[in-house]
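Shown next, in structure tokens, is the structure this report addresses.
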Amino acid sequence: MSTELPLIGDYSTPTNELSGARIGVVTFPGTLDDRDAARAVRASGAEAVSLWHADTDLQDVDAVVIPGGFSYGDYLRAGAISRFAPMMSKIADAANSDAKLPVLGICNGFQILTESHLLPGSMIKNDHLKFICRDQLLRVENNQTAWTNGFEAGQEITIVLKNQDGQYVADEKTLDELEAENRIAFSYVGWNPNGSRRSIAGVSNKAGNVVGLMPHPEHAIEVGFGPDARGTDGLTFFTSVLTHLVGGKK
């Protein structure tokens, strides 16, 4: 008998074309949010496909989520070891190919994407040198990516934040380019919780198929089990990529 807990409410899309999508969720040693990410994928109406870090088969997935956690215990640097995983090589090739595989990196996944050079910049210790866990208000700066097209530009959303290496850093030239090219996907609103340069909470690559952010949208998909103010804002990340895949809005 399945031990999977039921979703509170039905957030899945009834559209068959959307529900046929396969979204891979990668697990590394030390990953802790892969089950939550897979649950969010299913809540959006897609099929969650487990991908193991040591494998080389992407299993014909349509998109990939690299979830949060502490892969390899954050030894050396957060994400520094995981970037060399065989699965990451396959993901990088697919993301940079003509097909432009959509990839979402959440928290540790964002760190892995920067270490893999799929996204610019790097992540270092929070400026207050403490682990932080809170509901965080974000502003959607770019709704033209595979993972953000369901939002309105300038929309404010509430997503769970939990990290200790969440300070986004880059040189001034890179930061200026990110702003000029509209590649800052999300900014912190009200308070910069980790000292990130220019209050950056998430960025995208130039093509818009790869997005990374520190907060955890997979923890904000169900009423009563996410932020009190807007408990389902995170679900839009996962429905956005389905819209992207069927060539709807983007």
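The values are calculated or read from the model by the stated rules, or taken from the named source; none is laboratory data. Quantities reported herein were computed from a predicted structural model and do not represent experimental measurements. Neighbour counts run over all protein chains shown; Cβ positions are idealised from the backbone, glycine included. These accessible areas exclude ligands, DNA and RNA; they are computed on the full protein's heavy atoms, side chains included. Shrake-Rupley method; radii C 1.70, N 1.55, O 1.52, S 1.80 Å.
The number of residues in the stretch 221-244 that are on the phi < 0 side of the Ramachandran plot and outside any helix (DSSP H, G or I) comes to 13.
Could we say that Gln155 is more than 23 Å from Asp33 (Cα to Cα) and in contact with a strand residue (DSSP E or B) (Cβ under 6 Å, 6 or more places away or on another chain) here? So Gln155 fits the description; yes. The numbered conditions (1) under 18 Å from Thr232 (Cα atoms); (2) aliphatic (A, V, I, L, M); (3) modelled with pLDDT of 95 or more are all true for Leu5 except (3). Among the residues of this structure, Cys107 does not count as one that is closer than 21 Å to Arg35 by Cβ and without any contact (Cβ under 8 Å) to a residue 40 or more places away in the chain.
Look through the stretch 198-210, keep the residues that are under 19 Å from Ile112 (Cβ atoms), of a type in the set (S, T, N, Q) and not in a strand (DSSP E or B), and return whichever of them is most open to solvent (accessible area, probe 1.4 Å). So the residue we want is Asn205. Scanning the stretch 127-146 for residues that are of a type in the set (D, E, K, R) and more than 17 Å from Gly226 (Cβ to Cβ), we see that the one that is least open to solvent (accessible area, probe 1.4 Å) is Glu141. Each residue in the stretch 234-250 was checked for being surrounded by fewer than 24 Cβ atoms within 10 Å (Cβ to Cβ) and within 14 Å of the chain's Cα centre (by Cα), and 3 of them qualify.
Against the test of being modelled with pLDDT under 95 and either surrounded by fewer than 21 Cβ atoms within 10 Å (Cβ to Cβ) or of a type in the set (A, V, I, L, M, F, W, C) (or both), the options Gly195, Gly154, Gly190 yield a single qualifying residue, Gly190.
For (1) of a type in the set (A, V, I, L, M, F, W, C); (2) over 17 Å from Ser240 (Cβ atoms); (3) at pLDDT 90 or above; (4) out of contact with any Leu (no Cβ under 8 Å at 6 or more places or on another chain), each residue gets a yes or a no:
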| residue | (1), (2), (3), (4) |
| --- | --- |
| Thr56 | no, yes, yes, yes |
| Gly69 | no, yes, yes, no |
| Gly73 | no, yes, no, yes |
| Ala80 | yes, yes, no, yes |
| Arg83 | no, yes, no, yes |
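For the stretch 19-67, a residue qualifies if it is open to solvent by less than 40 Å² (accessible area, probe 1.4 Å) and β-branched (Val, Ile, Thr), and the qualifying residues are Ile23, Val25, Val26, Thr27, Thr31, Val41, Val49, Val61, Val64, Val65, Ile66. Filtered by the rule that a residue be small (Gly, Ala, Ser) and open to solvent by 10 Å² or more (accessible area, probe 1.4 Å), the stretch 81-114 gives Ser89, Ala92, Ala94, Ser97, Ala99.
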